[in-house]
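The values are calculated or read from the model by the stated rules, or taken from the named source; none is laboratory data. Since the structure is predicted, the reported quantities are computational estimates derived from the model, not experimental observations. Please note: Cβ atoms are built from the backbone with ideal geometry, for glycine as well, and neighbour counts cover all protein chains shown. Ligands, DNA and RNA are excluded from the accessible area calculation, which covers all protein heavy atoms including side chains. Shrake-Rupley method; radii C 1.70, N 1.55, O 1.52, S 1.80 Å.
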Amino acid sequence: MSLFVDIEKTLGSFRLKVCFETEGEVFAILGASGCGKSLTLKCIAGIERPDRGVIRLDGRTLFDSEKRINLPARKRRIGYLFQDYALFPNMTVFENILCGTRDKEKAGELAARFCLEGKEGLYPAQLSGGQKQRVALARMLAAKPDYLLLDEPFSALDNYLKARLERELMEILDEYGRRVVFVSHDRNEVYRLTDRIAVMENGKVADIRPKRDLFEAPRTLAATLLTGCKNVSRLEPREDGLFALDWGICLRTGNEGDVSEQTWRYAAVRAHYFEVVDEVSEQDAYNTLVCDIIREIEDTFSMVILFRNCCGEQTGDYSVLTAEFSKEEWNDIRERVICRGGSLCLRIPEQKIILMER
């Protein structure tokens, strides 16, 4: 069970290799807008034609420019769910489902399975967003595809509808047990829905691992930023340790090894890992910042604090850091430290520092 893509298209080259571990595994491609996620899926499905390269699925060659192989989309046994669902506006719900199968009985069963009974005669314009998605899924599964490709199916939905449709989609995927490739730029979405995640940057997969491993210890700067880490610094090896140029502090992580032999280029820490300390001594200055608070931002359930280190020499684009606390915790910190004229000192726990080579 494997998918191999090594292609070139006018906008760039794209490379992806996935070995599916289970029959019903959901695999995600996480990447910024414009990195090539959707184009890669369209080339796999046969909707777009690469300029050159190879696409293989479970040993079957779907596309090979040198051998002049280009299987039509209908023969690839791949189901593709578009961002806007791409229902035929002049066809009813039942007619749309019939596009995936000529068996009217099967189409009726799928309409019932997807809670579309009584709506078979309606047109897409008469349906809600959730109903449109269910029709698109029913049509796709009617063709009995081996693989499902989901192209950011929730990107245009509000939070409530997205949460409801995510739950429905998870139930459907569990029931049908197909292998799925899901693309998104939303880190929370891919974490909830998938098992393993590939980070794509400029058409190339920069990191591919189980989702928990990827979020806990991303290996590249692209993966770190895409998984939502807001604090990053360039690193410089010095005699007393790794110096975070953007933050103006020396770091101690327990993972540095011999810094003269290491190639760590970046460090990062997530916003909710900062710890408040009472004061900073010269002996214990590692990993600790004395904060010059720039702004306090009230989020729905937390307080987001933007700050700089007011004691170190820092340069670069990442000198403004972000810390996040619950509202109750931040009120206590303000009362205990800031309102009494003290300096807010934050420490980064050694085990929470992410080190990256690229």
Out of Arg196, Arg167, Arg187, Arg192, which single residue is modelled with pLDDT under 85 and among the basic types (Lys, Arg)? Arg167
Counting only residues that are under 27 Å from the mean Cα position of the chain (by Cα) and surrounded by fewer than 19 Cβ atoms within 10 Å (Cβ to Cβ), how many does the range 83-112 have? 3
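Quick check: is even one residue across the range 331-344 part of a strand (DSSP E or B), open to solvent by less than 80 Å² (accessible area, probe 1.4 Å) and among the aliphatic types (A, V, I, L, M)? I'd like the intermediate steps shown before the answer.
From the range 331-344, those part of a strand (DSSP E or B) are none; that's our starting set.
No, every residue in the range 331-344 fails to be part of a strand (DSSP E or B), open to solvent by less than 80 Å² (accessible area, probe 1.4 Å) and among the aliphatic types (A, V, I, L, M).
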Search the range 186-238 for residues being in a helix (DSSP H, G or I) and of a type in the set (Ser, Thr, Tyr), and hand back the single one that is least open to solvent (accessible area, probe 1.4 Å). Thr224
Output the residue which, of all residues in the range 22-34 that are assigned to a loop (DSSP other than H, G, I, E, B) and open to solvent by less than 40 Å² (accessible area, probe 1.4 Å), is nearest to Val205 (Cα to Cα). Glu25
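Could you check the range 239-255 and list, in sequence order, the residues that are open to solvent by less than 40 Å² (accessible area, probe 1.4 Å) and at positive phi?
Step one: filter the range 239-255 for residues open to solvent by less than 40 Å² (accessible area, probe 1.4 Å), giving 241-251, 253.
Selection gives Gly241, Gly248.
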Residue pairs qualifying under the 6 Å Cβ cut-off, at least six apart or on distinct chains, with the first in the range 71-87 being under 24 Å from Gly130 (Cβ atoms) and the second being of a type in the set (Gly, Ala, Ser) and open to solvent by 50 Å² or more (accessible area, probe 1.4 Å), are Gln83/Ser155
Name every residue in the range 113-124 that is open to solvent by 50 Å² or more (accessible area, probe 1.4 Å) and within 31 Å of the chain's Cα centre (by Cα), in order of residue number. Arg113, Cys115
What number of residues in the range 131-163 are under 20 Å from Leu110 (Cα atoms) and surrounded by 14 or more Cβ atoms within 10 Å (Cβ to Cβ)? 19
Can you confirm whether Cys19 is at pLDDT 90 or above, farther than 23 Å from Leu157 by Cβ and surrounded by fewer than 16 Cβ atoms within 10 Å (Cβ to Cβ)? no
Looking at Glu328, Glu350 in this structure, which one is within 25 Å of Ala223 (Cβ to Cβ), modelled with pLDDT of 85 or more and open to solvent by 50 Å² or more (accessible area, probe 1.4 Å)? Glu350
Looking only at residues that are without any contact (Cβ under 8 Å) to a residue 40 or more places away in the chain, of a type in the set (A, V, I, L, M) and outside any loop (DSSP other than H, G, I, E, B) in the range 298-325, which one is most open to solvent (accessible area, probe 1.4 Å)? Leu306
Collect the residues in the range 79-116 that are more than 18 Å from Glu168 (Cβ to Cβ), in contact with a helix residue (DSSP H, G or I) (Cβ under 7 Å, 6 or more places away or on another chain) and of a type in the set (Val, Ile, Thr), keeping them in residue-number order. Thr101
Any residue in the range 161-190 that's closer than 22 Å to Arg77 by Cα: show its pairings with residues that are assigned to a helix (DSSP H, G or I) and of a type in the set (Asp, Glu) at Cβ separation under 9 Å, as long as the two are six or more apart or on different chains. Phe182/Glu189
Residues in the range 35-47: is at least one at pLDDT 90 or above, under 20 Å from Glu152 (Cα atoms), open to solvent by less than 20 Å² (accessible area, probe 1.4 Å) and among the small types (Gly, Ala, Ser)? yes
Checking Leu169 against (1) within 22 Å of Glu23 (Cα to Cα); (2) open to solvent by 10 Å² or more (accessible area, probe 1.4 Å): exactly one of these is not met. Which one? (2)
